[in-house]
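As structure tokens, the structure follows; a few thoughts come after it.
The values are calculated or read from the model by the stated rules, or taken from the named source; none is laboratory data. Only a predicted model underlies this, so the values are computations on that prediction, with no experimental measurement involved. Cβ coordinates were reconstructed from backbone atoms using ideal geometry, including for glycine residues, and neighbour counts include every protein chain displayed.
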Amino acid sequence: MKDRQPPVIEARHLRKVFGDFTAVDDISFRLHRGECLGLLGPNGAGKTSTIRMVYGFSPMSAGSLRVFGLDVTTRWRSIKARIGVCHQENNLDPDLSVLENLVVFAGYFSIPRKVAKERAEKLLRFMSLDQRQDEKVTNLSGGMMRRLVLARALINEPELLILDEPTTGLDPQSRHQVWEKLDQLRAEGLSILLTTHYMEEASSLCDRLVIIDHGKILVQGKPKELIRQHAGRDVIEVFNPTNKLLRFVESSRLMHDNLPRRLIIYGQENDGIFERLGEHYCAENCIRRMATLEDVFLRLTGRDLRE
Ligand SMILES: Nc1ncnc2c1ncn2[C@@H]1O[C@H](COP(=O)(O)OP(=O)(O)OP(=O)(O)O)[C@@H](O)[C@H]1O
Ligand SMILES: [Mg+2]
């Protein structure tokens, strides 16, 4: 049966202007129910500015935005009750305990204190923080704080979770733990919009990705499709390539990036190029690997530092 429900988020021609600077420049995307959509882009690309408009923190300069089919400019109160937000910064209350941070936050949604406490305890167990519930949040490690922010975003049992860099600054163990939790939530039907700088996070968690730069969408699509389209299937990296190899790659019109001291060649399916390369040009200074989302990201947004 056809899904008649409106998209969870429908952003059309969104713009955000700060003075004479345009941070978000005509961005349109949709998030469907149960989907995890990732917003990727270098520092300053406009990710936070975009999602702040979605969670009602910052007014749009132009465009239209519907969440659960409701117009954010007029129906904000009803939308707010149904979303959970994890800001880029951990804005926990340092004077309150771990548990109190959740219970007090639940008060903003008019959740009765008893229910709030039960939910908070359950969420702390889910995030493996129950042993620390009476401690001050200032005693927590970075990973624990991030998990607490995530738990807090779930206190109103939202239908949509908006996460701005949920795992930045975490060690691999904590990051993987957060990924597992998010995966579990997604499997339970939660819709998720997230930003991240971790390509592994984007590839494994997100159903679809939007890559933005300088406030504009460069591409959107499924991770695997984006990889196929923009980086092929396999990649060969050649360190200190010879001029002969460079000429061969250019004359064969292979997709490639010629970096200082390194040549990256992107091979398409069944083009047999690696066998040809291997025989004639590749000695021990070559590695062959699978194409990744990081290749796509760097190819589309360049290698220059931002901000
Ligand atoms: N309140 C503001 N006033 C002026 N400029 C702003 C404001 N907020 C953001 N900007 C600018 O808008 C641009 C986009 O910022 P934004 O925070 O959306 O980027 P981002 O993609 O989230 O980057 P990061 O990956 O570093 O978090 C940046 O150039 C930033 O300096
Ligand atoms: Mg940001």
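If the condition is being assigned to a helix (DSSP H, G or I) and touching a residue at least 60 places away in the same chain (Cβ under 8 Å), then region 161-189 contributes L182, R186. Checking each residue in region 56-88 for being under 17 Å from D164 (Cα atoms) and more than 13 Å from ligand 1 (Cβ to nearest atom) picks out G56, K80, I83, G84, V85, C86.
Just one of the listed residues (P94, P158) is assigned to a loop (DSSP other than H, G, I, E, B) and farther than 20 Å from I192 by Cβ, namely P94.
Only residues that are closer than 14 Å to V98 by Cβ and among the polar types (S, T, N, Q): list them for region 121-176, please. Of everything in region 121-176, those that are closer than 14 Å to V98 by Cβ and among the polar types (S, T, N, Q) turn out to be S128, Q131, Q133, T138, N139, S141. Filtering region 15-50 down to residues that are near ligand 1 (Cβ under 10 Å from one of its atoms) and in a loop (DSSP other than H, G, I, E, B), which residue is farthest from T301 (Cα to Cα)? The qualifying residue farthest from T301 (Cα to Cα) is G19.
Being modelled with pLDDT of 95 or more, crowded, with 20+ Cβ neighbours inside 10 Å and either within 16 Å of ligand 2 (Cβ to nearest atom) or farther than 22 Å from E188 by Cα (or both) narrows it down to one of V67, V17, V24, so name that one. Break it down into steps so the answer makes sense when it comes.
On the way: V67 fails: either within 16 Å of ligand 2 (Cβ to nearest atom) or farther than 22 Å from E188 by Cα (or both); V17 fails: crowded, with 20+ Cβ neighbours inside 10 Å.
Result of the check over V67, V17, V24: V24.
Filter region 163-210 for residues that are of a type in the set (V, I, T) and more than 15 Å from ligand 2 (Cβ to nearest atom); which is surrounded by the fewest Cβ atoms within 10 Å (Cβ to Cβ)?
Keep residues of region 163-210 that are of a type in the set (V, I, T), which gives 167-168, 178, 192, 195-196, 210.
If we keep only those that are more than 15 Å from ligand 2 (Cβ to nearest atom) too, we end up with 178, 192.
Details: V178: 21, I192: 25.
Ranking the candidates gives V178 first.
I'd like to check something: does region 134-141 contain any residue that is acidic (D, E) and either touching a Lys or Arg at 6+ places or on another chain (Cβ under 9 Å) or modelled with pLDDT under 95 (or both)? No; the residues of region 134-141 include none that is acidic (D, E) and either touching a Lys or Arg at 6+ places or on another chain (Cβ under 9 Å) or modelled with pLDDT under 95 (or both).
Remark: pairs (first residue in region 226-244, touching a residue at least 24 places away in the same chain (Cβ under 8 Å) and under 14 Å from T292 (Cβ atoms); second residue in a helix (DSSP H, G or I) and charged (D, E, K, R); Cβ separation under 6 Å; 6+ apart in sequence or on different chains) = H230/R299; A231/D295.
Applying a threshold of 6 Å to beta carbon distances and a minimum spacing of six or more residues, or different chains, the list of pairs starting in region 13-27 at a residue that is in contact (Cβ under 8 Å) with a residue 40 or more places away in the chain and of a type in the set (A, V, I, L, M) and ending at one that is within 15 Å of ligand 2 (Cβ to nearest atom) and part of a strand (DSSP E or B) reads L14/V24; L14/I27; A23/K16; V24/K16.
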